[in-house]
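The values are calculated or read from the model by the stated rules, or taken from the named source; none is laboratory data. Quantities reported herein were computed from a predicted structural model and do not represent experimental measurements. For neighbour counting, all protein chains shown are included, and Cβ atoms are generated from backbone atoms with ideal geometry for every residue, glycine included.
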């Protein structure tokens, strides 16, 4: 997780597909105030590959400094930008260039570019599609950040040796629910599996080893377990629905199904039964 380069690689491919622009490229920040162009599609030379762009310089640097998309239709003669990177741009033959910063929590994480080899204007549809690709990448990075933070809290919790207090258990349960909620929003299968595995380890930590020959563990669906995870930390059906992106009636349906499988008559009976079964921490 935390691999911005991998996320940018995927978004550059998406940008090429949704805009139809012949040349697209981009990269994540490689240090304070500078990015490294690492992903390119449609290029005919290596002049832009590995290029480090500093904030405030060139088109991408201007986008970084302003925090919003910028573009020019005649790069070599554009008066609105500095021309520190004219040589690699000229070697690639680019004239119309668009740069869109990727901003997460008010911090630039990189830039996506799209370009033409002709001095033409960009259609509104192309600009809108490019901006949406950047917004999708921002959302992906924000979810990854939240997952990293949740897992870091799990690791800090596991590193402590002192007896668990009720307050600390509430934190474990909150992280468990957060991990399951984040996993549902992750498209990367490996990352999603890692989050779910971490939530399963947390659930198992709250119960003693099950004796051999004991009753089988109730088979709750992933969504039923997601709902119970939020119920366990005191969320209402409406709050649970909001956090999971579901309708309240859908939450009620999952909850009723989970209660039936757990042979429980109330929400909290279901939570207690799930904890005894090692399904919740």
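Suppose we filter segment 27-49 for residues that are in contact with a strand residue (DSSP E or B) (Cβ under 7 Å, 6 or more places away or on another chain) and more than 21 Å from residue 17 (Cα to Cα); how many remain? So the answer is 6. Would you check if residue 63 is in a strand (DSSP E or B) and under 25 Å from residue 17 (Cα atoms)? It is false that residue 63 is in a strand (DSSP E or B) and under 25 Å from residue 17 (Cα atoms).
With the condition kept exactly as written, say whether any residue in segment 145-152 is out of contact with any strand residue (DSSP E or B) (no Cβ under 6 Å at 6 or more places or on another chain), at pLDDT 90 or above and either in a strand (DSSP E or B) or on the phi < 0 side of the Ramachandran plot (or both). No, segment 145-152 contains no residue that is out of contact with any strand residue (DSSP E or B) (no Cβ under 6 Å at 6 or more places or on another chain), at pLDDT 90 or above and either in a strand (DSSP E or B) or on the phi < 0 side of the Ramachandran plot (or both). Looking across segment 50-60, the residues that are surrounded by fewer than 23 Cβ atoms within 10 Å (Cβ to Cβ) and either in contact with a strand residue (DSSP E or B) (Cβ under 6 Å, 6 or more places away or on another chain) or over 18 Å from residue 24 (Cβ atoms) (or both) come down to 52, 54, 55, 56, 57. Here is a check on your reading of the model: is residue 175 modelled with pLDDT under 65 and part of a helix (DSSP H, G or I)? Considered against the rule, which asks whether it is modelled with pLDDT under 65 and part of a helix (DSSP H, G or I), residue 175 comes out as no. Checked against the criteria, residue 99 counts as in a strand (DSSP E or B), within 20 Å of residue 15 (Cα to Cα) and in the same structural domain as residue 24 (by TED's automatic domain parsing). Just one of the listed residues (243, 217, 223) is under 24 Å from residue 169 (Cα atoms), touching a residue at least 60 places away in the same chain (Cβ under 8 Å) and part of a helix (DSSP H, G or I), and it is 243. If you go through segment 72-96 and keep only what is free of Cβ contacts under 8 Å to residues at least 40 places away in the same chain, surrounded by 18 or more Cβ atoms within 10 Å (Cβ to Cβ) and in a helix (DSSP H, G or I), you end up with just 75.
Of everything listed in (1) modelled with pLDDT of 75 or more; (2) within 23 Å of residue 112 (Cα to Cα); (3) assigned by TED's automatic domain parsing to the domain that holds residue 241, the single unmet condition for residue 127 is (3). Can you name every residue in segment 97-137 that is over 17 Å from residue 61 (Cβ atoms), buried (at least 23 other Cβ atoms within 10 Å of the Cβ) and under 17 Å from the mean Cα position of the chain (by Cα)? Of everything in segment 97-137, those that are over 17 Å from residue 61 (Cβ atoms), buried (at least 23 other Cβ atoms within 10 Å of the Cβ) and under 17 Å from the mean Cα position of the chain (by Cα) turn out to be 133, 137. Please go through segment 226-240 and give me each residue that is assigned to a helix (DSSP H, G or I) and either surrounded by fewer than 18 Cβ atoms within 10 Å (Cβ to Cβ) or outside the structural domain of residue 199 (by TED's automatic domain parsing) (or both), ordered by number. Of everything in segment 226-240, those that are assigned to a helix (DSSP H, G or I) and either surrounded by fewer than 18 Cβ atoms within 10 Å (Cβ to Cβ) or outside the structural domain of residue 199 (by TED's automatic domain parsing) (or both) turn out to be 238, 239.
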